[in-house]
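What follows is a set of notes on a single structure, which appears directly below.
The values are calculated or read from the model by the stated rules, or taken from the named source; none is laboratory data. What you see is a predicted model, and the numbers here were worked out from it, not measured in a lab. Please note: Cβ atoms are built from the backbone with ideal geometry, for glycine as well, and neighbour counts cover all protein chains shown. Keep in mind that these areas ignore ligands, DNA and RNA; they rest on the heavy atoms of the full protein, side chains included. Shrake-Rupley method; radii C 1.70, N 1.55, O 1.52, S 1.80 Å.
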Amino acid sequence: YRLYRLGYGYSFYHSPTVELTLTAGLNITNYDLGFATSDGDVAESAGVTVPLPVVGLRMGYAITPKWNVRYVSEAFFIEFDESFRGALLNFELNTEYKIFKNFALGIGLARIGVSAEVDDDDWRGRVTDSYRGYNIFGTFYF
């Protein structure tokens, strides 16, 4: 399981302490699955890369001019002819500290959930995946 994220934010409300931003981007998830027999022989293996677009809202609050807290909520939903339904939900709570004018380091908590359900003549099934953990990141401002 590998997750790559590419995103863009447009700040539509900005005051000295509060910022509201609309976000858009891609969450590109790569899954490699393998199934083995009880004696360790590989029975089946498969892999897939899933690029999903997301839209969301980011809310930021400046505790001091160099230290802020942000909440991010992003989502993507899709449905095809009642045979396929899918969703991606991302929630984050982060804090960052500006070390330089154009660069900050941060840490936060994250939860990303993906679900897909297929119900057609060839295949029926449901996949649900969830990640809960922490983020360590750098931010460039320009």
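Exactly one residue out of Ala87, Ala104, Ala116 is within 19 Å of Tyr8 (Cβ to Cβ) and either among the small types (Gly, Ala, Ser) or in a loop (DSSP other than H, G, I, E, B) (or both), and it is Ala104.
When region 5-39 is limited to residues that are of a type in the set (Gly, Ala, Ser) and part of a strand (DSSP E or B), the one that is farthest from Asn90 (Cα to Cα) turns out to be Ala36. Here is the figure for region 95-111: residues that are of a type outside the set (Asp, Glu) and closer than 16 Å to Thr64 by Cβ total 9. As a summary of the residue check, Phe77 satisfies the conditions (1) of a type outside the set (Lys, Arg); (2) in contact with a strand residue (DSSP E or B) (Cβ under 9 Å, 6 or more places away or on another chain); (3) on the phi > 0 side of the Ramachandran plot except for the one numbered (3). The condition of being within 30 Å of Tyr8 (Cα to Cα), surrounded by 13 or more Cβ atoms within 10 Å (Cβ to Cβ) and modelled with pLDDT under 75 holds for Val50.
Total residues in region 7-39 satisfying the condition of being farther than 30 Å from Ile63 by Cβ and out of contact with any strand residue (DSSP E or B) (no Cβ under 6 Å at 6 or more places or on another chain): the figure is 2. Could you check, for region 55-75, whether at least one of its residues is among the basic types (Lys, Arg), open to solvent by 40 Å² or more (accessible area, probe 1.4 Å) and in contact (Cβ under 8 Å) with a residue 40 or more places away in the chain? Yes: one or more hits. A single member of Glu92, Glu74, Glu82 is at pLDDT below 95 and part of a loop (DSSP other than H, G, I, E, B), and it is Glu82.
Among residues of region 90-113 being open to solvent by 60 Å² or more (accessible area, probe 1.4 Å) and under 13 Å from the mean Cα position of the chain (by Cα), the one that is nearest to Arg126 (Cα to Cα) is Arg111.
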